[in-house]
Amino acid sequence: MNAIDRIAIALCAAASLVAFPAAAQTYPSKPIRVIVPYPPGGTSDILTRLIGAKLTESLGQQVIADNRSGASGNIGSGLVARSAPDGYTLLLTDIGNLTISSVVFAKLPFNVLEDFTPVTTVSYSPHLLATHPSVPVKTTQDLIALAKSNPGKLNFATALGGSPHLAGLSFEQRTGISWVYVPTKGGSQSSAAVTTGDGDLLFLGVLQTLPLVKIGKLRAIAVSSEQRLANLPDTPTVGETPALKGFVTGSWQGILAPARTPPEVIAKLNGEITRILGLPDIRQKLDSQGTTPLPNTPQATGRWLADERARWSKVVKDSGFKLEQ
């Protein structure tokens with residue numbers, strides 16, 4: 001190899017080292033698509049449109065919500081996992097659901113911990129345990145008593161394999177009751193099923209269910225957070241019932257990109273979304289609906305994903321529940 005060849009190789013190597021930073025400096029140069037793996041109207045969809053409007057302003061490119069529902073969010077998630085790692089296709093989802101999917105589905109078209117690059121967590125919304133107003137219960141203890149006297153009679157509306165479903169499984173295991181799961185495609189369909197009387201009850205994120213409680217279409221029984229919510233001070237936590245002490249579930253929303261997305265692009269997105277979640281109007285909007293803004297570093301988000309997967313593995317194993325993709 002002569003000197004000219006060595007110089008050429010060195011220049012190519014140097015160019016590759018600056019390629020990603022250069023790309024990040026010009027990012028974004030075209031619209032960004034955010035896949036929401038659930039139907040319109042759910043928590044992930046609401047957050048995507050809320051954050052997307054602010055990102056469109058700050059990044060100078062349109063941020064488009066693209067709803068791709070089905071298979072408890074796995075269809076849309078798989079689409080992102082297979083997308084180009086360039087920052088122009090992102091996933092905003094209940095990342096708790098995503099980690100659960102790797103536990104409850106026998107086969108998935110992606111590996112949760114290997115095929116995505118975490119951008120940030122977005123928010124935490126505890127589940128609201130709610131019933132149709134005609135169900136004759138007002139407390140968690142009432143619900144347990146009704147379910148025990150009518151085993152297998154209550155209909156629980158949920159997207160199978162998601163975090164609200166596993167909240168229901170955990171509730172059953174802790175109290176020794178049983179109910180029937182009515183499958184839906186996502187949170188908006190679950191709430192619709194209960195408000196129309198096709199389902200009796202559900203666990204679902206407060207962001208989505210609280211408006212229905214306020215207009216009398218759902219009855220709030222309890223929240224699944226550690227502490228009562230400031231905007232629902234008279235609604236107890238599930239854990240206040242002795243048999244369910246320490247019961248905490250909810251919707252942890254987050255944003256992921258395909259694996260191998262340049263770290264500079266991830267850092268730029270993380271910085272912008274963290275800034276947006278700190279804006280007074282955004283915080284007020286989320287706080288008023290029982291949702292806590294929860295930005296985090298990409299690294300901490302990745303650790304959270306691994307920990308949540310381990311957390312729910314036991315619940316699923318004890319229930320014997322499995323889904324075929």
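The values are calculated or read from the model by the stated rules, or taken from the named source; none is laboratory data. Here the structure is a predicted model, which means the values were calculated and not measured. Virtual Cβ from ideal backbone geometry, glycine too; neighbours counted across all protein chains shown.
Annotations
- For the condition within 15 Å of the chain's Cα centre (by Cα), in a helix (DSSP H, G or I) and aliphatic (A, V, I, L, M), residue 207 qualifies.
- Exclusive hit being of a type in the set (A, V, I, L, M, F, W, C) and within 20 Å of the chain's Cα centre (by Cα), set 143, 202: 202
- The one condition in (1) in contact with a Lys or Arg (Cβ under 7 Å, 6 or more places away or on another chain); (2) surrounded by fewer than 20 Cβ atoms within 10 Å (Cβ to Cβ); (3) among the aliphatic types (A, V, I, L, M); (4) more than 22 Å from residue 140 (Cα to Cα) that residue 243 fails to fulfil: (4)
- One residue stands out in the stretch 286-305 among those that are assigned to a helix (DSSP H, G or I) and modelled with pLDDT under 90: the one that is surrounded by the most Cβ atoms within 10 Å (Cβ to Cβ), namely 286.
- Residue match in the stretch 291-299 (condition: free of Cβ contacts under 8 Å to residues at least 24 places away in the same chain, of a type outside the set (Val, Ile, Thr) and touching a Gly at 6+ places or on another chain (Cβ under 9 Å)): no
- Set 310, 306: member being in contact (Cβ under 8 Å) with a residue 24 or more places away in the chain and out of contact with any Ser or Thr (no Cβ under 7 Å at 6 or more places or on another chain): 306
- The set of residues in the stretch 69-91 that are out of contact with any Lys or Arg (no Cβ under 7 Å at 6 or more places or on another chain), at pLDDT below 95 and not small (Gly, Ala, Ser) contains only 74.
- The residue that is surrounded by the fewest Cβ atoms within 10 Å (Cβ to Cβ), among those in the stretch 176-196 that are touching a residue at least 40 places away in the same chain (Cβ under 8 Å) and in a loop (DSSP other than H, G, I, E, B), is 185.
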